[in-house]
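Shown next, in structure tokens, is the structure this report addresses.
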Amino acid sequence: MHINHIQSQAFLDQKPGTSGLRKKVKVFQQAHYLENFVQSIFDTLELPTDATLTLGGDGRFYNRVAIQTIIKMAAANGFAKVIVGQGGILSTPAASHVIRKYQTFGGIILSASHNPAGPEEDFGIKYNTANGGPAPEKITEAIFAKTKTISEYKIADIPQIDIEKLGETNLDGFTVQVIDPVRDYADLMANMFDFSAIKKLIASGFNIKFDGMHAVTGPYAKEIFINRLGAPSNSLMNCDVSETFGGGHPDPNLTYAHDLVEILYGNAAPDFGAASDGDGDRNMILGKGFFVTPSDSLAIIAANATLIPAYKQGVAGVARSMPTSGAVDRVAQKLNIPCYETPTGWKFFGNLMDADKVTLCGEESFGTGSNHVREKDGLWAVLSWLNILAAKQQSVESIVKAHWAEYGRNVYSRHDFENIPTDAANSVIDHLRGNFGAMTGQSFGRYIVKTCDDFSYTDSIDGSISTKQGLRILFEDGSRIVFRLSGTGTEGATIRIYLEAFEPDVTKHHLDAQEALAEMIQIALQISQLREKTGREKPTVIT
Ligand code: VG1
Ligand code: CO
């Protein structure tokens, strides 16, 4: 096999964010841009002679081009084999499972997740390690360091591989295996959940609606809901993968999945609705006319986990990202199991899961999952709910309300201000940070500030420290406001404001979160001077 060494110049903007490197497709299309980043990943690895790479993506525009390039570079950089999903498809949780099941050295996932797709939109790439999880910061920092000094990359002179056809191709001792992207994952789900109970529930007339948002979960949903669980085909919407994700924004929340939301809040609404994002790791759960916040969803899955066959022995511990509400903490306390608080991003859960400290994890950003893989998992969350619904024979709303009655309600909302000029966004954060001292002890309406801090995290397994992971304003009564800048956007900056208040009083549990949090929302705007500094009156997205 002939290997070309191509001279190249470093790009200085290849810093991975919360979940891999995300840029506009146009940026990735620059000569050598993708190659430099891939070579920088490979340069940080010490490969054994039989190393296999898992490769797949969410099917967005540029996926197929990138797959061919990466196969050739893997061959040139000493991988013995690449396992690639047919058509270049692997959802993020399915890729994590493939890495683990076939014990591959690592994996490359091509996705910009919930960001829109198409020639004018976003592309992304991330590296996952042998445990199936996103590379920890130590590795992403090493990759970034390489990208700044790289001067050449290696690429093999081999023909294009037909990734549409299942099977193996051998080229001078290098093998490419094209696998069914769905089957292993669907088998895993069937082993974890009580499929016969869910099947019976659906056959009894329990109506479900799943929105694939034109993205990667479509084929997985067809196999699982239709073929294996017997749901009628009209239970699915937007389940054909398109390279542009139908021109939409594949983010399963009340704003971007509004078609599904309208169905669930309309006449003759189904009993259960759900959606997943671009790469299949997020989920939104809806009941008839009812929305379950991701923070509550995590808490409710934890509280009912023993109804699911895979967790019938119980849960070792739980973890949530810092901005996620404390609802799951209350469940952990009752179950007498540990609850960990980590920075935003799934990479921080990996060590805890590998050390068997936690079984379930979640983020407020519509991410929920368990130690069955090392990524958040959208369909897993949907199946968790269906399994719990089948076991309890109650509606989504009554399960959530009963949970609140037992544990109290952590009223929660996130307000996102997207695409703000970077300087303006930084000035909001700097202003808040500068006022920490003055704010402590101050009263705002009925809230008194107890402390303010910049969240930092020490990993209890490897001792690594991550600083500046979000500004927290903690009030005397346990309520809090958190400010963070997004690390996944590709245009300007996004300020996220996370709001949380605890409501023990059951007579107030029916209140809309925006109403219940109205005063705190005003306080957040006041103390941050967000309106003054950005000129924005209203958030772009409220979840
Ligand atoms: C967002 C979410 C975070 C999530 C990340 C990746 O990051 O807030 O919780 O882990 O997206 O999710 P940020 O830095 O923009 O707030 V996914 O589904 O886009 O890979
Ligand atoms: Co995602």
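The values are calculated or read from the model by the stated rules, or taken from the named source; none is laboratory data. A quick note: this is a predicted structure, and the numbers were derived from the prediction, not measured. In this analysis, Cβ positions are derived from the backbone assuming ideal geometry, glycine residues included, and neighbour counts consider all displayed protein chains. Just so you know, the surface numbers come from the protein's heavy atoms only, side chains and all, with ligands and any DNA or RNA stripped out. Shrake-Rupley method; radii C 1.70, N 1.55, O 1.52, S 1.80 Å.
Among residues of segment 106-131 that are without any contact (Cβ under 8 Å) to a residue 60 or more places away in the chain, those with a beta-carbon under 8 Å from a residue that is among the polar types (S, T, N, Q) and within 15 Å of ligand 2 (Cβ to nearest atom) at least six positions away or on a different chain give the pairs Gly107/Ser96; Gly107/Asn128; Leu110/Asn63.
Across segment 491-535, the number of residues qualifying as in a loop (DSSP other than H, G, I, E, B), more than 12 Å from Val428 (Cα to Cα) and open to solvent by less than 70 Å² (accessible area, probe 1.4 Å) comes to 5. Scanning segment 256-265 for residues that are in a loop (DSSP other than H, G, I, E, B) and either within 13 Å of ligand 2 (Cβ to nearest atom) or not small (Gly, Ala, Ser) (or both) yields a single hit, Tyr256. Among the residues of segment 415-461, those that are under 20 Å from Tyr498 (Cβ atoms), among the acidic types (Asp, Glu) and either within 27 Å of the chain's Cα centre (by Cα) or surrounded by 16 or more Cβ atoms within 10 Å (Cβ to Cβ) (or both) comprise Asp416, Glu418, Asp453, Asp454. Residues that are away from ligand 2 (no atom under 16 Å from the Cβ), over 24 Å from Ser464 (Cα atoms) and either surrounded by fewer than 24 Cβ atoms within 10 Å (Cβ to Cβ) or free of Cβ contacts under 8 Å to residues at least 60 places away in the same chain (or both) occur at least once in segment 336-352.
Condition test on Phe42, is it surrounded by 22 or more Cβ atoms within 10 Å (Cβ to Cβ) and assigned to a helix (DSSP H, G or I)? Considered against the rule, which asks whether it is surrounded by 22 or more Cβ atoms within 10 Å (Cβ to Cβ) and assigned to a helix (DSSP H, G or I), Phe42 comes out as yes. Residue count for segment 82-134 under the criterion of being among the hydroxyl-bearing types (Ser, Thr, Tyr) and either crowded, with 24+ Cβ neighbours inside 10 Å or under 14 Å from Ile70 (Cα atoms) (or both): the result is 6.
When segment 20-39 is filtered for residues that are open to solvent by 30 Å² or more (accessible area, probe 1.4 Å) and not in a strand (DSSP E or B), the ones remaining, listed by number, are Lys26, Val27, Gln29, Gln30, Ala31, His32, Glu35.
Taking first residues from segment 253-266 that are more than 16 Å from Asn283 (Cβ to Cβ) and partners that are in a loop (DSSP other than H, G, I, E, B) and open to solvent by less than 60 Å² (accessible area, probe 1.4 Å), the Cβ contacts under 6 Å between residues at least 6 apart in sequence or on separate chains come to Tyr265/Gly289. Each residue in segment 394-428 was checked for being outside any helix (DSSP H, G or I) and either in contact (Cβ under 8 Å) with a residue 60 or more places away in the chain or within 16 Å of ligand 1 (Cβ to nearest atom) (or both), and 15 pass.
Within segment 169-190, identify whether any single residue is open to solvent by 60 Å² or more (accessible area, probe 1.4 Å) and at pLDDT below 95, and answer yes or no. Yes, there is a match, as at least one residue in segment 169-190 is open to solvent by 60 Å² or more (accessible area, probe 1.4 Å) and at pLDDT below 95. Listed residues Thr306, Thr244, Thr324, Thr255; which is closer than 17 Å to Tyr412 by Cβ, of a type in the set (Ser, Thr, Tyr) and over 15 Å from the mean Cα position of the chain (by Cα)? It is Thr255.
Each row is one residue, and each column tells you yes or no for (1) more than 17 Å from the chain's Cα centre (by Cα); (2) closer than 16 Å to Gly369 by Cβ.
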residue	(1), (2)
Gln86	yes, no
Thr92	no, yes
Ala95	no, yes
Phe105	yes, no
Ile109	no, yes
Ser113	no, yes
Gly118	yes, no
Phe123	no, no
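In segment 359-368, is there at least one residue being away from ligand 1 (no atom under 15 Å from the Cβ), in contact (Cβ under 8 Å) with a residue 60 or more places away in the chain and farther than 17 Å from Gly314 by Cβ? Scanning segment 359-368 turns up no residue that is away from ligand 1 (no atom under 15 Å from the Cβ), in contact (Cβ under 8 Å) with a residue 60 or more places away in the chain and farther than 17 Å from Gly314 by Cβ.
Candidates in segment 369-392 are the residues that are in contact (Cβ under 8 Å) with a residue 40 or more places away in the chain and assigned to a loop (DSSP other than H, G, I, E, B); of these, the one that is nearest to ligand 1 (Cβ to nearest atom) is Lys376. Restricting to segment 266-293, and then to whatever is under 24 Å from His415 (Cβ atoms), within 15 Å of ligand 1 (Cβ to nearest atom) and outside any strand (DSSP E or B), can you tell me which residue is farthest from the chain's Cα centre (by Cα)? Filtering first and then ranking leaves Thr293.
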